[in-house]
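Let me begin by presenting the structure, written as structure tokens, before commenting on it.
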Amino acid sequence: MITPADDFPIHQLARPIADIGTERNFYDRYFFNGYSSKENIFFGAALCVYPSLNIMDAAFTLAVDGIQHNLRASRILKGDQLNTEVGPIKVKVIEPLNKITLEIDSDEYAIKANITFERRFEFMQEPNMTLFNGNRKIMDSCRMTQHGSWVGTINFNGKVIEIDKKEYLGTRDRSWGIRPVGLPDPQPIVPMELPQFFWLWAPVNFEDCSSHIYFVDDKEGNSDYAFAKIQYANEDVSNFVTIEKQIQFKEKSRRIKSLELKLISDSSDQHEFTIKPIYNIFMCGLGYMHPEWGHGHYKGEFATHYDQYNLSEDIEDPPYLHIQSICDVSYKTFDENKSGRGVLEQLLIGPHKPSGFKDLLDKP
């Protein structure tokens, strides 16, 4: 089981790096998003290793002119976690925790990119998230999230998009642990229960600070996990002891029209956010919930795939439930007001009493 990774001083157990224990659903993922502060242009990427499945897969999505273009790739891992390249999609760590490059090179689908994420603020380590279905652990993940700027070029169908770091901001995360990947479990927990997952994730960039807020609610509307931080250019950080949200949904929809947040800091200061979506992109373009190109699906020795979505058509059924909304955000405290841009990721499945959701996918 010795692999190239074993030649680096990164071991934490008396086992080769390839040995992650008995958990088939172990994963280790890069995720990125980026967006223009002036135009409706969005891009995102994911690359993930599944050691127990012996698979590495990756995806790149570009939303421009109202169309979301998705490039996907998968290969057999062959035990080499350090070779972070899946066909036309490559992730290169230039300076750990500070600078990372994403390269796309596909003549077949006329997509090329060489863009670099540069940190604006230090990584934030989130509280570990552990979720159960009955007595079976289905998620146990560690995640670091970082806000930054992008620089480089994207070339699609002969059109060159110049990515200027003053205009293109975004967020990346690194997560690893256990979550559902590959084929579903052939023997689910009994008795069968209605699935429920209420997830909101709102990383936002402002001129001189950034915010990071998320919620995981149970069916009664209680937040099993709620997290909020603001990072400032002078390296100060605001932590919060009270996090309240008020959601306005589009009519007969699970899509959010606006999200109001009220945060009370550990120094008793009040911070208020108003988050308003502008347009959505579908996370199935990056593999999330995709029926054929889902994370960790075996596609053979090597395979690629391209498809596209019309963003004017918002299908609120699987696999299009999971979205990231690009948002304009206003933020105010007792002495200042700021405007910024970020995303509001939404995955709302099953009951949620405060929202009026009673069934799996009802839209009251």
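Candidates Leu360, Leu261: the one that is free of Cβ contacts under 8 Å to residues at least 60 places away in the same chain and closer than 29 Å to Gln196 by Cβ is Leu261.
Of the set (1) closer than 30 Å to Tyr298 by Cα; (2) touching a residue at least 60 places away in the same chain (Cβ under 8 Å); (3) not in a loop (DSSP other than H, G, I, E, B); (4) not β-branched (Val, Ile, Thr), all apply to Trp150 but (1). Restricting the stretch 113-122 to residues that are surrounded by fewer than 17 Cβ atoms within 10 Å (Cβ to Cβ) and touching a residue at least 40 places away in the same chain (Cβ under 8 Å), the residue that is farthest from Lys90 (Cα to Cα) is Glu122.
Kindly establish whether Thr130 is more than 28 Å from Thr304 (Cβ to Cβ) and surrounded by fewer than 17 Cβ atoms within 10 Å (Cβ to Cβ). When the stated conditions are applied, Thr130 passes them. Just name the residue that is surrounded by the fewest Cβ atoms within 10 Å (Cβ to Cβ) out of those in the stretch 144-190 that are acidic (Asp, Glu) and closer than 30 Å to Asn40 by Cβ. The selected residue is Glu162. A single entry from Thr304, Thr274 fulfils the requirement of being β-branched (Val, Ile, Thr), over 23 Å from Pro203 (Cβ atoms) and part of a strand (DSSP E or B): Thr304. Report yes if some residue within the stretch 342-356 is closer than 25 Å to Ser223 by Cα, without any contact (Cβ under 8 Å) to a residue 24 or more places away in the chain, in a loop (DSSP other than H, G, I, E, B) and not acidic (Asp, Glu); otherwise report no. Looking for residues that are closer than 25 Å to Ser223 by Cα, without any contact (Cβ under 8 Å) to a residue 24 or more places away in the chain, in a loop (DSSP other than H, G, I, E, B) and not acidic (Asp, Glu), one finds at least one in the stretch 342-356, hence yes. When we screen Gly350, Gly356 for residues that are surrounded by 16 or more Cβ atoms within 10 Å (Cβ to Cβ), out of contact with any Ser or Thr (no Cβ under 9 Å at 6 or more places or on another chain), farther than 24 Å from Asp173 by Cα and not acidic (Asp, Glu), the only hit is Gly350. Lys137: surrounded by fewer than 20 Cβ atoms within 10 Å (Cβ to Cβ), at pLDDT below 95 and charged (D, E, K, R), yes or no? Here the answer is yes, as Lys137 does meet what is asked. Name the residue that is surrounded by the fewest Cβ atoms within 10 Å (Cβ to Cβ), counting only residues in the stretch 22-43 that are under 24 Å from Met144 (Cβ atoms) and of a type in the set (Asp, Glu). Ranking the candidates gives Glu23 first. State yes or no: is Arg75 over 17 Å from Phe32 (Cβ atoms), in contact with a Gly (Cβ under 9 Å, 6 or more places away or on another chain) and crowded, with 17+ Cβ neighbours inside 10 Å? When the stated conditions are applied, Arg75 passes them.
If a residue has to be closer than 17 Å to Asp362 by Cα and of a type in the set (D, E, K, R) to count, how many in the stretch 193-216 make the cut?
Within the stretch 193-216, the first condition is being closer than 17 Å to Asp362 by Cα, and the residues that meet it are 193-199.
Okay, now just the ones that are also of a type in the set (D, E, K, R), so 193.
Residues in the stretch 193-216 being closer than 17 Å to Asp362 by Cα and of a type in the set (D, E, K, R): 1 in total.
The residues listed here are Ile94, Ile89; of these, the one that is without any contact (Cβ under 8 Å) to a residue 60 or more places away in the chain, over 15 Å from the mean Cα position of the chain (by Cα), buried (at least 24 other Cβ atoms within 10 Å of the Cβ) and closer than 20 Å to Phe117 by Cβ is Ile89. Residues that are within 19 Å of Val343 (Cα to Cα), touching a residue at least 40 places away in the same chain (Cβ under 8 Å) and charged (D, E, K, R) within the stretch 218-252 comprise Lys229, Lys245, listed in sequence order.
Selection of the stretch 305-325 for residues being surrounded by 15 or more Cβ atoms within 10 Å (Cβ to Cβ), farther than 24 Å from Asn157 by Cα and not polar (S, T, N, Q) yields Asp314, Glu316, Pro319, Tyr320, Leu321, His322, Ile323.
The values are calculated or read from the model by the stated rules, or taken from the named source; none is laboratory data. Remember, it's a predicted structure, so these values are computed and weren't measured experimentally. Positions of Cβ are generated from backbone atoms using ideal geometry, with glycine treated the same way; all protein chains shown enter the neighbour counts.
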